[in-house]
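Read-outs throughout are calculated quantities, based only on the coordinates presented, and are distinct from any laboratory measurement. Computed from a predicted model, the values in this text were never measured in an experiment. A quick note on method: Cβ atoms are made from the backbone with ideal geometry, for glycine too, and the neighbour counts reach across all protein chains shown.
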Amino acid sequence: MLIDDYLFRDTIEDDDHIIATYVVKSRDFLKAVRGIAIGQSVGNPEVRSERDTEKIMRDHLAKILDVQEALTGKTEGAVRIAYPLVNFDVAEDGIMQLLCALMGGQMDIDVVESCRLVDVRFPEDFLAFFKGPKFGMSNIRQRAKAEDRPLLGAIVKPKTGLSVADLLAMVKELLAGGVDFIKEDEILGNPACCPFKERVKLVARMVNEFAANEGREIFYTPCINADYPYFLDRARYAADQGAKAVHLNVWAGLSAYRALRELDMPDTAIFFQKSGDKVLTSQHHRFAIDWPVMVQLARMIGADFIHAGMWQGYLSDSEEFLGKVLDNLRGESRYAATVPSLSCGSHPGLVNTTVRTFGTGVMMNVGGAIHGHPMGTTAGARAMRQSFECTQQEADIKEFMQDKPELKAAIEKWGYVE
């Protein structure tokens, strides 16, 4: 039996395969892509045994679709590999086994010098096992009464060290400034100075009472970072106390987000927080998963919000890259759209350029430019809302801010980008 008779295909049944696109570099490109397809499905890339039957090759071997590309003798390029859906028990294997297959043993094959996963296409029978966001962007914007503008998020700073009383005082100022979303930072776990249960109970009550008087919802989002099963216990507690969202960091693992989504919390959304993702996604790594693929998976497994990236801040993604990320979060899909949170240096002077480039279907999530405003936290939040208003009205910023001291002070401090 010649394995190549089964390995190379010009076409396949899309409904029966997961199709992954890789950018691979190797001194022997054909050997490398063969190694990935064989090694990530049926076994040793080079050695066959009597148990490698024709049925196994036909039904379970991954297939190389770009036959001519693989045969050109080049050392680097893109290749599509199709993984048979029959290899997965999607209901139980889920996201963990998917990633094990797509980005696993090829990193141990010496001829594979680099391998980046840059795209994945799933059949409907696979996608049907994942719920996607419970609420999604449209529902959240309606609840926050922010259908015609970006959502305004605020991040708790300092990240940790605050007492519960200090946190409550900060939240009160944020509410007065008009925020839609308040996120505890990923560093704030369950420290003795600000215990999780104590702070969540008091902050959720304050936020919900204020929101009820405003006639809208405000998404207080406590950080539930912890090992299993504690992060699930914290999620249940936060939901019981009325928190409208919970915040979990990527280091929990993608299957943890799916577990949160399976809780099916009736009124509580999920925020996917990316800090640390570059260990997995950096463009400088030889082996990595592109961030646009990660956000595609995050939407699939149920993230209502995700820290998507940033435009023109101290992190500044390119327009093309961030556009692709946002397309994967807001584009046509069987799932509701995930809210892209733009954070890492956001400030009032970036509202206009952000909205003109990417539209209002984003959340601008701000920490330093709210709390570091010259007039204080409430003024920092008001400056962001005033900048939203200026952009909505297509007003001249210099004229608009003359009777708005909060916005004027922010622009003077952080500048303005057209």
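Values as computed for the structure displayed
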| item | result |
| --- | --- |
| Segment 187-229 and segment 90-125: distance between their alpha carbon centers, rounded to Å | 36 Å |
| Helix-only CD estimate at 222 nm, as mean residue ellipticity for the chain, using -39500 (n - 2.57) per DSSP H run (n ≥ 4) | -12000 deg cm²/dmol |
| Student exercise, segment 4-127 dipole from Lys, Arg, Asp, Glu Cβ charges, in Debye to nearest 20 | 500 debye |
| The chain - charge dipole about Cα centre, Lys and Arg +1 at Cβ, Asp and Glu -1, debye rounded to 20 | 1200 debye |
| Among Ala308, Ala169, Ala192: highest mean-square fluctuation, GNM of the chain, C-alpha pairs under 10 Å | Ala192 |
| Gaussian network model of the chain, springs between alpha carbon atoms under 10 Å - residue of Thr53, Thr354, Thr338 with greatest fluctuation | Thr53 |
| Anisotropy class of segment 136-414 from Cα gyration tensor, a/c 1.5 cut | oblate |
| Trypsin sites (Lys or Arg not before Pro) within segment 40-121: DSSP coil, no more than 10 neighbouring Cβ in 10 Å | Arg51 |
| Fewest-first ranking of Cys390, Cys344, using other Cβ atoms within 10 Å as the exposure measure | Cys344, Cys390 |
| Furthest towards positive pole of dipole, Ile301, Trp414, Leu99, structure part the chain, Cβ charges | Trp414 |
| Segment 323-355 and segment 361-418: distance between their alpha carbon centers, rounded to Å | 19 Å |
| Listed residues Gly189, Gly43, Gly94, most fluctuating in the chain (Gaussian network, C-alpha, under 10 Å) | Gly43 |
| For segment 228-244, Karplus couplings with θ = phi - 60° (6.51, -1.76, 1.60), whole Hz, Gly/Pro x | 5, x, 5, 5, 5, 4, 5, 4, 4, 5, 4, 5, 5, 7, x, 5, 7 |
| Rough spin-label spacing in nm, given labels placed 7 Å along Cα→Cβ, for Ala192 and Thr72 | 6.3 nm |
| Relative contact order of the chain, defined on C-alpha pairs under 8 angstrom at six or more residues apart (%) | 15 percent |
